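Here's the structure we're looking at; comments come further down.
We did not get these values from a lab; they are worked out from the coordinates using the rules stated. Please read these numbers as outputs of a predicted model, since none were measured by experiment. Using ideal geometry, Cβ is built from the backbone for each residue, glycine included, and neighbour counts are taken over all protein chains shown.
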Amino acid sequence: MKIKYFAWVKDITNHEEENINSIQIKNLDELKVFIIEKYPTLKKHMEKKILRFAVNQEYIMKNITLKDNDEIAIFPPVSGG
Amino acid sequence: MIKIQKKDFNSEEEINKIKNLHSNVGAVTSFIGYVREENDYKKVRSINLEVYKEMAYKQFEKIISKANLNWKLVDSLIIHRYGKLNVNSKIVLVACFSSHRKDSFESCNFIMDYLKKDAPFWKNEFYNNKNEWLTNSN
C-alpha cells in the first residue's frame, strides 16, 4: 500500500510517499502502530489526535480494513483558503 | 467549475466566463482570499502552499454537492492556487451564482467554511528568519 505524507509530517518522515509491505497491516490502527515505530517523532502527534487520515482521498475517522492497493495519506490539520 | 493551479487568475474574467454560460443568473457572491502582509505581528515574506491534488478535487466536488442540496445554485466556481505565493497574491476565489441573492450569499459562506475545514492544502508561511506551518482556526 502507498502512504503519502504532507506538510510537517512529510518533514518528519523525510518522504513524500512510500510503498510499504502490507502483509502485516490489516487496518488503520495497525498502520498507525507501524508508522509510530518507524517514525517515533510522530508518536506525540498521534496521541494528541492531531493528525488526519485519508484512504483513497476520503477522510477516515475510525478504524477500517485496509487493502493492498489502498492509498493512505497522513497529514496535519489543513490550512487552505 | 473547479480549478487547482499555480498561476494567478483574473477574478472578473473567471466569474464572467461562468455567468455568460447561463441566462438566469441574477446574483453572484464571491470571496477572494489573499496572502497577508502580516500574521500575528510577524512580517510575512511569502508562503508556500502544498496540496494533495486528487483529494482536493474530490473535496471541492463534495463541498459543491452539499451546497447544491441546501441552496438553489445555477453554478459555482472554486479556484485555489498552490506553490510559492508572494504577499498580497490571490490564493483562492469562490463564487456562487444564483437567481436570487440569498442563495448566493449563504452558499458562498458555506463553501468557504467547508474549504477552510477540509480542503487538503497546507500553508508554510515564511518570515525573515524562519518559517511556520499554519493551521486554520474554525
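Kirkwood hydrodynamic radius computed over region B:2-122 comes to 14.9 Å, based on all pairs of distinct alpha carbons.
What pairs from A:LYS48/B:LYS116; B:LYS19/B:LYS58; A:LYS48/B:LYS3 go past 29 Å between their alpha carbons? Going by Cα-Cα distance, A:LYS48/B:LYS3 fall outside the 29 Å limit. Based on C-alpha pairs under 8 angstrom that are at least 6 apart in sequence, chain B has a relative contact order of 35 percent. Taking Cα atoms only, the orientation of helix A:28-38 departs from the longest principal axis of chain A by about 70 degrees. Partners of B:LYS6 within straight-line reach, counting aspartates and glutamates whose Cα lies under 13 Å from its Cα and excluding those fewer than 8 residues away in the same chain: B:GLU50.
For the peptides B:122-135, B:48-61, the ranking by mean Cβ contacts within 10 Å, running from highest to lowest, is B:48-61, B:122-135. Close amide H pairs (under 5 Å, H built 1.01 Å from N) link B:LYS84 with B:LEU49, residues at least 5 positions away or on another chain.
Any chance you could give the angle, 0 to 90 degrees and rounded to 10, that helix B:101-118 forms with the longest Cα principal axis of chain B? So the inclination is approximately 40 degrees.
An ellipsoid equivalent to chain A, defined through the eigenvalues of its Cα gyration tensor, has semi-axes of 18, 14, 13 Å when rounded to whole angstrom and sorted largest first. Apply 1/(1 + (r/R0)^6) to the Cβ-Cβ distance of B:SER89 and A:LYS38, taking R0 = 30 Å, and write down the FRET efficiency to the nearest 0.05. Using R0 = 30 Å, I get an efficiency of 0.20.
Going through region A:1-33, which GluC sites (Glu not before Pro) have at most 13 other Cβ atoms within 10 Å and a DSSP loop state? Of the GluC sites (Glu not before Pro), the ones in loops of region A:1-33 whose Cβ has at most 13 other Cβ atoms within 10 Å are A:GLU16.
For region A:5-75, relative contact order (Cα pairs under 8 Å, six or more residues apart, normalised by length) works out to 39 percent. What is the Cα centroid distance between region A:55-69 and region A:10-28, reported in whole angstrom? Distance between centres, Cα-based: 13 Å. Shape verdict for the protein assembly as shown, please, from the Cα gyration tensor: rounded (a/c under 1.5), prolate (a/b greater than b/c) or oblate. Judged from the Cα gyration tensor, the protein assembly as shown comes out oblate (a/c at least 1.5, b/c at or above a/b).
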